[in-house]
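Trainee: Take a look at the following structure, please.
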Amino acid sequence: MSSVTAPARTAVITGASSGIGAATARQLAAAGYHVVLTARRKDRIEALAEELNAAGHSAAAHALDVTDRTAVDGFAASLDRCDVLVNNAGGALGADPVATGDPADWLTMYEVNVLGTLHMTQALLPALVASGDGTVVVLSSTAGHSTYEGGAGYVAAKNGARVLAETLRLEIVGRPVRVIEIAPGMVKTEEFATTRFRGDTEKAAKVYAGVAEPLSADDVADTVTWAVTRPSHVNIDLLVVRPRAQASNTKVHREL
Ligand code: 8X3
């Protein structure tokens, strides 16, 4: 008699090479998901997958640029199943005023934060529906909910991600897929601010100056994991999470 083991419930995480994506991969793996780590940096996701497998979890790595639709479609076709998609890949470039912001930065931010999420969601939606109990998570940002000086390009892109999530939820109601938006405020990760300021670590440090406890990647991963592991009929539409020291995008308590 032969027995066939069904593949484990699978969670795909984009931008899993560092920060919130890597932390989410760790926590979903610990929650029992087979995690598929995607990011452009193959070495990093392979190392993380190895670490998770060595710890008794189940993980695979697949190098992927979410802005490359052909690659995204090929990736989707390679999966046995997909139960959860965490659209985490994204980020900010520059903090210039509207008057002087670089249109190329705006375009890049739109491509990664909005079109990357669109490509992944379109490519994996059939599998998510077929799972009978799918979940799409969109990591937006508090920047997707109100603006701040120097933030327009990023705020515009994150508004795009938010609108994608809100609209998708309307459009697929009645099908067995939840759409969850997680909107973090100030999160201190190894790369977010450094990437935004193109490697200028002094400028990056100023973002968190005097803030005793900004959120960590783990804090945000915790909210993602909590939302995903609610009973199937419970859809956390939107979860806004900030550190206690941040009352709004422009009101931050600093002890300097
Ligand atoms: C990051 C939050 O305040 O840097 O998504 O725009 S902020």
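Please treat every number below as a calculation from the coordinates, not as lab data. Just so you know, these numbers come straight off a predicted model, no measurement behind them. Please note: Cβ atoms are built from the backbone with ideal geometry, for glycine as well, and neighbour counts cover all protein chains shown.
Trainee: Taking only DSSP H segments of four or more residues, each worth -39500 (n - 2.57), what value at 222 nm results for the chain once the sum is divided by all its residues, to the nearest 500 deg cm²/dmol?
Mentor: Rounded to the nearest 500, it is -12000 deg cm²/dmol.
Trainee: Could you check the spin-label model distance between residue 256 and residue 102? Points 7 Å from the Cα along Cα→Cβ, value in nm.
Mentor: Distance between the two pseudo-spin positions: 2.6 nm.
Trainee: Let me ask another. Just 233, 119, 57 to compare: in a GNM of the chain, with alpha carbon springs under 10 Å, which one fluctuates most?
Mentor: In the Gaussian network model the winner is 233.
Trainee: Cβ under 10 Å from residue 67's Cβ, residue 67 left aside: what net charge do those residues give with Lys, Arg +1 and Asp, Glu -1?
Mentor: After counting each charged neighbour, the total is -1.
Trainee: Among 225, 204, 236, flag the residue with its Cα farthest along the positive direction of the charge dipole of segment 196-240, charges on Cβ as +1 for Lys/Arg and -1 for Asp/Glu.
Mentor: Comparing the listed Cα positions along the dipole, 204 ranks first.
Trainee: If you take every DSSP beta bridge fully contained in segment 10-252, what fraction is antiparallel? Give it as a percent rounded to 5.
Mentor: Here the antiparallel bridges make up roughly 5 percent for segment 10-252.
Trainee: What dipole magnitude, in Debye to the nearest 20, does the chain give about its Cα centre under +1 on Lys/Arg Cβ and -1 on Asp/Glu Cβ?
Mentor: 400
Trainee: What residue among 94, 210, 21 shows peak mean-square fluctuation when the chain is described by a Gaussian network model with Cα springs under 10 Å?
Mentor: Checking each option, the largest mean-square fluctuation is seen for 210.
Trainee: Express in whole angstrom the spacing between the alpha-carbon centres of segment 133-198 and segment 1-49.
Mentor: Spelled out, the Cα-based centre of one part sits 21 Å from the other.
Trainee: Something else about it: Between residue 195 and residue 148, what length comes free when the chain is fully extended (0.36 nm per residue of separation minus the Cα-Cα distance, one decimal in nm)?
Mentor: 15.1 nm
Trainee: Of 180, 236, how do they rank once you tally other Cβ atoms within 10 Å and put the fewest first?
Mentor: Details: 180 24, 236 18.
Ranking 180, 236 by Cβ neighbours within 10 Å, fewest first, gives 236, 180.
Trainee: Hey, any idea what Rg/Rh is for segment 10-252, computing Rh the Kirkwood way over Cα pairs?
Mentor: 0.95
Trainee: Shifting gears a bit: Just add up the charged neighbours of residue 81: K/R +1, D/E -1, any other residue whose Cβ is under 15 Å from the Cβ of residue 81.
Mentor: -2
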